[in-house]
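Working notes, structure below.
Every number in this text was worked out from the coordinates using simple rules, so none of it is lab data. Since the model is a prediction, treat every value here as computed from it, not as a measurement. Glycine also receives a Cβ, built like all others from the backbone with ideal geometry; neighbour counts cover every protein chain displayed.
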Amino acid sequence: MIQERTVTYDDASVRRFLWASVLWGAVGMLVGVIIASQLAFWQLNGNGSLPWIQFGRLRPLHTNAVIFAFVGNMIFAGVYYSSQRLLKTRMASDLLSKIHFWGWQLIIVAAAISLPLGLTQGKEYAELEWYIDIAIALIWVAFAVNFFWTLAIRNEKNLYVALWFYIASILTVAVLHIVNSLALPSEALHSYSVFGGVQDALVQWWYGHNAVAFFLTTPVLGIMYYFLPKAIGKPIYSYRLSIVHFWALVFLYIWAGPHHLLNSALPEWAQNLGTVFSVMLWAPSWGGMINGLLTLRGAWDKLRTDPVIKFFAAAITFYGMSTFEGPMMSIRSVNALAHNTDWVISHVHGGALGWNGFMAAGMFYWLVPKLYGSKLHSERMANLHFWLGMVGIVFYMAAMYVSGITQGLMWRALTPEGTLLYPDFLESIAASRTMYMLRLVGGLLYLSTFLLMAWNLVKTARAGKATVVSTQVSVETAAEGPSNLRLLRSPVIGLTLLGFALAMALGLRGTPAGVTSLIAIAAFVLLVIRLRARGAGMVDGRPWHELLEGKALLFTVLALVAVLIGGMVQILPMVFSDKAVAMERTALPYTPLELAGRDIYRREGCYVCHTQMVRPLVAETLRYGDPSEAWESMYDHPFQWGSKRTGPDLARVGGKYPDLWHYRHMQDPRSTSQGSIMPSYAFLADTRLDTARIPRVMNTMRKLGVPYDAAAIEGAVDQAESQAVAIADGLTAEGETAAPDTELIALIAYLQKLGADHKIQP
């Protein structure tokens, strides 16, 4: 029986998210240009009296604005538009759509205010404090409820491939955000990560890598699978390749996070898992790229003339480049050269500017004329946007490649006698100065073209008016297909789930991760082999996956299982097993003044330019000292290992320089380190330290397992003041008058603590 229904789509929400993406994209890229100029010309950080405009506070603002404001709103626009068409129904709740939009924008505004003020958790791509994290979770739940409710009331039984990627993205982002954001507030605007040291490092980069995977990649792949065929007017190249691409990607991606921590204090088993799965990611990632590019076959005339197709083709190519380079950089020998250098900056911007930025531009140029019933104002300007934007990306990436490889080679260069060829770290920064200027040129070009696109889209919208799209939908009420239980008994799904369940059970019992991961890989390989076989897993004479696409709940559960297995095998043993991380010694807790100084270090974003992780590489041990060990950071909530060296590593800086050196260095870095591009922190010498908060934060740390007893907390203020007076008196004796009750004294205390425990004989 066939029923006719009239459906009116909610395109008002699509328009809201689209224009928000354009606005925040311009803001995020402008902040990116500002911080790029600060690296090229350190004077633009100010004279040390305006902390909220300095690099350490603006860099997290840039990353959050581009990722969550620009790309986030672009994703929501694409999901809302395509989901309604693919499901042939209006979004389930207009109210939830509005809550989602306005809630997300308020979160972005809160981030734009709090980050320059130094309100940060100190974790890359997860800097927002606990109260904003709660808001993110609530708004994400509103989005998820609206999306899955719409799935439930759909008028199209089978789920198209784009929807698969949306489902996996919504589920996984929720899991990643909730786990990584677990924190214990110490004050209304301040908190400490529940995890500490090596556990926090693993959880953070499990989140950080998969935020790239499931926020910047999989939902954008869903957008590619919908908008590319629409723009060309032909179906995607291969349905079967789409199936393999999806299941392989969502299963493998979640395991690869530890490759960000190669050659660190992370246990070897976790590092090896990260490497293996990162290399395996080559296959499904390139499967998606090939599927996209081969869809363009026969559309070469459009590629030459249509700017939308140009942007989509270039974006997919950048996706392929980034997903080739990522696994390559996960190989230990390559990682030893590339990690902590500007090479990584080039890599991530290839994905952000090329993959995300160009996909957004292509979608916007295709979508705005349809949303406003008009024609694109100027194809000529859109083509100019493409070519100038491409030149900007090339300038940016080439500059950072040259800079990064130069840095890596200079840091590890040795003389024939086995000593460092470039013992002064700042020699590598001086060698990068020209590349920083070229990077700035590339960024300015890209920002200019983005603003050109915004002008073009506004003119296009003003030439028409907001459209209201209604369509007649034919709904066939057919007999139910196989039950969920019947599908679960199919050889493909059944055996795969059995393997995953066995791996999870063994992981929870503490079985070595190598065993559990091999079982999970075997189950995954079985799935891929069966997917490649024609007619695999037939149920009632139809392919099982075709039937699975009609079972939204079962599909969602299976996608969640595929995603969770990797996280459970890696995270659970690390967090709950004492044997997962060998601790040879126990660190000494920070003194009250050192803990206050560490909070200042975190607030100023020092972790974005300095690492605290000496890798077991010959050149690094010659430059910094013994390799870092896991026990040294056991009381660090959050960890501060860092991922970029615009300044030298600080893991062993304690005792390397006298207090006077640090005092002068923080106020005028050039006075002690010729050629430094570090901002001045002179304001710290005039900012009074709030000692009243120290007992509160120590009590919070005690709840997290740091061994502070009641007496230590009660006498914390007196102890902090005593240590501060000792440091200030030492400075006075050397001819530098310093007030003991300032934040700079506390920061010096923290810096002198770094590596001090390692020097104590066990």
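The phi-based Karplus calculation (6.51 cos²θ - 1.76 cosθ + 1.60; θ = phi - 60°) puts the 3J(HN,Hα) values of segment 156-169 at 10, 5, 8, 8, 6, 3, 4, 5, 4, 5, 5, 4, 4, 5 Hz, whole numbers, x for Gly and Pro. The gain in end-to-end length when the Glu379 to Glu736 segment is fully stretched comes to 122.1 nm, 0.36 nm per residue minus the alpha carbon separation. Here is the list for segment 602-658: trypsin sites (Lys or Arg not before Pro) lying in DSSP coil, each with at most 16 other C-beta atoms within 10 angstrom of its C-beta, are Lys656.
What is the calculated FRET efficiency for Glu584 to Val145, with r their C-beta to C-beta distance and R₀ = 51 Å, to the nearest 0.05?
Calculated value: 0.60.
Among beta bridges identified by DSSP and lying wholly in the chain, the antiparallel ones come to about 95 percent. Computed from backbone phi with θ = phi - 60° and the Karplus coefficients 6.51, -1.76 and 1.60, the 3J(HN,Hα) list for segment 752-757 is 6, 7, 4, x, 5, 4 Hz; x is used for glycine and proline.
Compared with the direct C-alpha span, the chain from Leu421 to Tyr131 gains 99.6 nm at full extension, assuming 0.36 nm per residue.
Placing +1 on each Lys and Arg Cβ and -1 on each Asp and Glu Cβ, with no other charges, gives segment 592-759 a dipole about its Cα centre of roughly 660 debye.
How big is the charge dipole of segment 1-61 about its Cα centre, in debye rounded to the nearest 20, if each Lys and Arg gets +1 on its Cβ and each Asp and Glu gets -1 on its Cβ?
Values: 5 positive and 3 negative charges, 48 e Å.
Dipole of segment 1-61, to the nearest 20 debye: 220 debye.
Taking a ≥ b ≥ c as the square roots of the eigenvalues of the Cα gyration tensor of segment 343-462, is the shape rounded (a/c under 1.5), prolate (a/b larger than b/c) or oblate? Since a/c reaches 1.5 and a/b is larger than b/c, the shape of segment 343-462 is classed as prolate. Modelled label positions at Val561 and Leu44, each set 7 Å beyond Cα in the direction of Cβ, lie 5.3 nm from each other.
Give me the net charge of Gly730's neighbourhood, meaning all other residues with Cβ under 12 Å from the Cβ of Gly730; Lys, Arg count +1, Asp, Glu -1.
-4
Between Ala454 and Ile178, the distance separating the two model label sites (each 7 Å from Cα on the Cα→Cβ line) works out to 3.6 nm.
As an exercise, use a Förster radius of 56 Å and the Cβ-Cβ distance of Lys157 and Gln719 to find the FRET efficiency, rounded to the nearest 0.05. The computed FRET efficiency comes out at 0.25.
Per residue, the chain reaches -20500 deg cm²/dmol at 222 nm when only DSSP H runs of four or more residues are counted, each adding -39500 (n - 2.57). Here Lys375 is the anchor, and the aspartates and glutamates within straight C-alpha reach of less than 16 Å, apart from those fewer than 8 places off in the same chain, are Asp306.
Between their Cα atoms, which of Lys98/Lys302; Lys123/Lys703; Lys88/Lys234; Lys230/Lys459; Lys234/Lys370 are more than 25 Å away from each other? Kindly include the intermediate steps, with their values, before the conclusion.
Values: Lys98/Lys302 37 Å; Lys123/Lys703 20 Å; Lys88/Lys234 19 Å; Lys230/Lys459 23 Å; Lys234/Lys370 18 Å.
Violating the 25 Å Cα-Cα cut-off are Lys98/Lys302.
Amide H to amide H distances under 5 Å link Thr742 with Leu689, where only residues 5 or more positions off or on other chains count and H is placed in the peptide plane. Phi-derived couplings, Karplus 6.51 cos²θ - 1.76 cosθ + 1.60 at θ = phi - 60°, listed residue by residue for segment 175-189: 5, 4, 5, 5, 5, 6, 8, 4, 8, 10, x, 9, 8, 4, 10 Hz, with x used for Gly and Pro. Between segment 682-751 and segment 620-665, the alpha-carbon centres lie 19 Å apart. Applying 1/(1 + (r/R0)^6) with R0 = 35 Å to the Cβ-Cβ distance of Leu409 and Ser93 gives a FRET efficiency near 0.05. When the label point is put 7 Å from the Cα of Lys234 along its Cα-to-beta-carbon vector, which residues of segment 291-314 have a backbone N closer than 14 Å? Under cut-off, by backbone N: 291-304. Along the charge dipole of segment 592-759, pointing to its positive end and built from +1/-1 on Cβ of Lys, Arg, Asp and Glu, which listed residue (Gly735, Gly755, Met698) has its Cα farthest out? Highest projection toward the positive end goes to Gly755. Taking the Cα centre of the chain as reference, the dipole from Cβ charges on Lys and Arg (+1) and Asp and Glu (-1) amounts to some 3380 debye. Which of rounded, prolate or oblate describes segment 592-759 when judged by the alpha-carbon gyration tensor and an a/c cut-off of 1.5? It comes out oblate by the Cα gyration axes.
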